[in-house]
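Chemist: The following block contains the structure, expressed as structure tokens.
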Amino acid sequence: MADITRRLGWRHLRGTPTAHVVHLRRGRTVHAGTGQAFWFRSLTASLSEIPVDDRELSTVFHARTADLQDLTVQASVGYRFADPELAATRIDFGIHPDTGLWRATPLDQVALLLTELAQHHGAALMAGQTLGHVLAGGVEGVRTRIEQGLQAEPRLSGIGIEIVGVRVIAVRPEPAMERALQAPAREAAQTESDRATFERRALAVERERAISENELQSRIELARREEQLVAQQGTNARREATEAAAAARIQAEAAAERDRITGQASADRVRLLGEAEADAVRAGLDAHRDVEPRILAAMALQQLAGHLPEIGSITLTPDLVSGGLSRLLAGAAVAS
């Protein structure tokens, strides 16, 4: 918007670099261009301000396909006034000389025109295609058709408007149809998810089976080794028992041999002692063979006295003395 100030019945306008100002006085162009600054009288001046910067227009419109399906198109059209002086002659861009505001709504008129033209070209494209073809082509096909149609539109070039670009944000069917179209993809995704889940479960079962088999094999191997250990322990025990029995047998045989040798030695010793005693007795008898009987009796009494217990006192009676003498005399007679 131009900046207008008042001084003593005159007006001063200072424009912007993005606005093209046209100053007419008595039907003739006095000033024209961007960034203008000049004095003018409000009673004789006619001012127009046309924006020359790039502008964006967002629009939403509905179209129907060949199979009678409704589509909603959300698009954005970029445009600019390439010939602002031509646009000022076709559209009312006049501004008030005191405030600098537009007297009408020129941009609204341009927006309505662009929306109708975009809808026209978009609807023409969709009317010749089915819903599936339109959605398969995507937003790029709709964007290309609308952009080419607007750039070739004579009404736009006739008012000095240049199309900078077109962007189609979305092409969507009705909610019920959109859900129906999404169902196959959703089902396919769910099927793929189920398949992945089943595969994961099958893999888990297979891994559990492998783990169980490994555990079983480990237990079998452990049992086999325990069996080998028990067998080896039995073999060792039998070997130890055999060796212990052999050692005991050897010890018994050695003890028996030792006892036999000891017994034989003892028998020989007893025999030798007996023979020695017999020889001693024989020698004694041979020594006493020529001795007189009374002497032998005296020696016998002496030996008998040596074996008698100690007697402190003795009492002799006539019967005892006579009996003893009788036995002594009888023995002497026998000896002689």
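Chemist: Given the conditions (1) surrounded by 17 or more Cβ atoms within 10 Å (Cβ to Cβ); (2) over 22 Å from Thr89 (Cα atoms), which single one is not true for Gly9?
Modeler: So the condition that Gly9 fails would be (1).
Chemist: Being of a type outside the set (Phe, Trp, Tyr) and at pLDDT 90 or above: is that true of Val164 here?
Modeler: yes
Chemist: Is one or more of the residues making up the stretch 15-29 modelled with pLDDT under 90, at positive phi and out of contact with any Pro (no Cβ under 7 Å at 6 or more places or on another chain)?
Modeler: There is at least one residue in the stretch 15-29 that is modelled with pLDDT under 90, at positive phi and out of contact with any Pro (no Cβ under 7 Å at 6 or more places or on another chain).
Chemist: Something else about it: As an exercise: evaluate Ser218 against (1) open to solvent by less than 80 Å² (accessible area, probe 1.4 Å); (2) under 30 Å from Thr72 (Cα atoms); (3) in a helix (DSSP H, G or I); (4) not charged (D, E, K, R) and give the number of the one condition it does not meet.
Modeler: Going through the list (1) open to solvent by less than 80 Å² (accessible area, probe 1.4 Å); (2) under 30 Å from Thr72 (Cα atoms); (3) in a helix (DSSP H, G or I); (4) not charged (D, E, K, R), Ser218 breaks only (2).
Chemist: In the set Glu206, Glu187, Glu213, which member is part of a helix (DSSP H, G or I) and closer than 30 Å to Gly132 by Cβ?
Modeler: Sole residue among the options that is part of a helix (DSSP H, G or I) and closer than 30 Å to Gly132 by Cβ: Glu187.
Chemist: Looking at Gln182, Gln119, Gln190 in this structure, which one is open to solvent by 60 Å² or more (accessible area, probe 1.4 Å) and either within 30 Å of Asp54 (Cα to Cα) or at pLDDT 90 or above (or both)?
Modeler: Details: Gln182 fails: either within 30 Å of Asp54 (Cα to Cα) or at pLDDT 90 or above (or both); Gln190 fails: either within 30 Å of Asp54 (Cα to Cα) or at pLDDT 90 or above (or both).
Checking each option against the conditions leaves just Gln119.
Chemist: Return the residues of the stretch 16-64 that are open to solvent by less than 30 Å² (accessible area, probe 1.4 Å), farther than 18 Å from Ala82 by Cα and either part of a loop (DSSP other than H, G, I, E, B) or of a type outside the set (Phe, Trp, Tyr) (or both); say none if nothing qualifies.
Modeler: Result: His23, Ala45, Leu47, Thr59, Ala63.
Chemist: While we're on this one: Can you tell me how many residues in the stretch 65-91 are more than 12 Å from Ile163 (Cβ to Cβ), of a type in the set (Gly, Ala, Ser) and open to solvent by 40 Å² or more (accessible area, probe 1.4 Å)?
Modeler: Residues in the stretch 65-91 being more than 12 Å from Ile163 (Cβ to Cβ), of a type in the set (Gly, Ala, Ser) and open to solvent by 40 Å² or more (accessible area, probe 1.4 Å): 1 in total.
Chemist: May I pose another question? Among the residues of the stretch 165-178, write down those that are closer than 16 Å to Val110 by Cα and either surrounded by 15 or more Cβ atoms within 10 Å (Cβ to Cβ) or out of contact with any Gly (no Cβ under 8 Å at 6 or more places or on another chain) (or both).
Modeler: First, pick out the residues of the stretch 165-178 that are closer than 16 Å to Val110 by Cα: 165-166.
Selection gives Val166 alone.
Chemist: Consider the stretch 16-65. How many of its residues are basic (Lys, Arg) and in contact with a Gly (Cβ under 9 Å, 6 or more places away or on another chain)?
Modeler: 2
Chemist: How many residues are assigned to a helix (DSSP H, G or I) and open to solvent by 60 Å² or more (accessible area, probe 1.4 Å) when one looks only at the stretch 92-116?
Modeler: 4
Chemist: Kindly evaluate Gly160 against the criterion of being surrounded by 15 or more Cβ atoms within 10 Å (Cβ to Cβ) and closer than 30 Å to Pro84 by Cβ.
Modeler: Judged against the criteria, Gly160 is a match.
Chemist: Another one. Please go through the stretch 142-154 and give me each residue that is surrounded by 18 or more Cβ atoms within 10 Å (Cβ to Cβ) and part of a helix (DSSP H, G or I), ordered by number.
Modeler: Residues satisfying the conditions are Val142, Arg143, Arg145, Ile146, Glu147, Gly149, Leu150.
Chemist: Follow-up. I need every pair where a residue in the stretch 114-133 that is farther than 12 Å from Leu68 by Cα has its Cβ under 6 Å from the Cβ of a residue that is assigned to a loop (DSSP other than H, G, I, E, B) and open to solvent by less than 50 Å² (accessible area, probe 1.4 Å), sequence separation at least 6 or different chains.
Modeler: Correct list of pairs: Leu117/Glu153.
Chemist: Sticking with this structure for a sec: Checking Leu131 against (1) open to solvent by less than 80 Å² (accessible area, probe 1.4 Å); (2) in contact with a strand residue (DSSP E or B) (Cβ under 8 Å, 6 or more places away or on another chain); (3) within 30 Å of Leu24 (Cβ to Cβ); (4) of a type in the set (A, V, I, L, M), which single condition isn't satisfied?
Modeler: Result: Leu131 passes all but (3).
The values are calculated or read from the model by the stated rules, or taken from the named source; none is laboratory data. All figures in this text were calculated on a predicted structure; none of them were measured in a lab. Counting neighbours? That spans all protein chains shown, and the Cβs are built from the backbone with ideal geometry, glycine included. These accessible areas exclude ligands, DNA and RNA; they are computed on the full protein's heavy atoms, side chains included. Shrake-Rupley method; radii C 1.70, N 1.55, O 1.52, S 1.80 Å.
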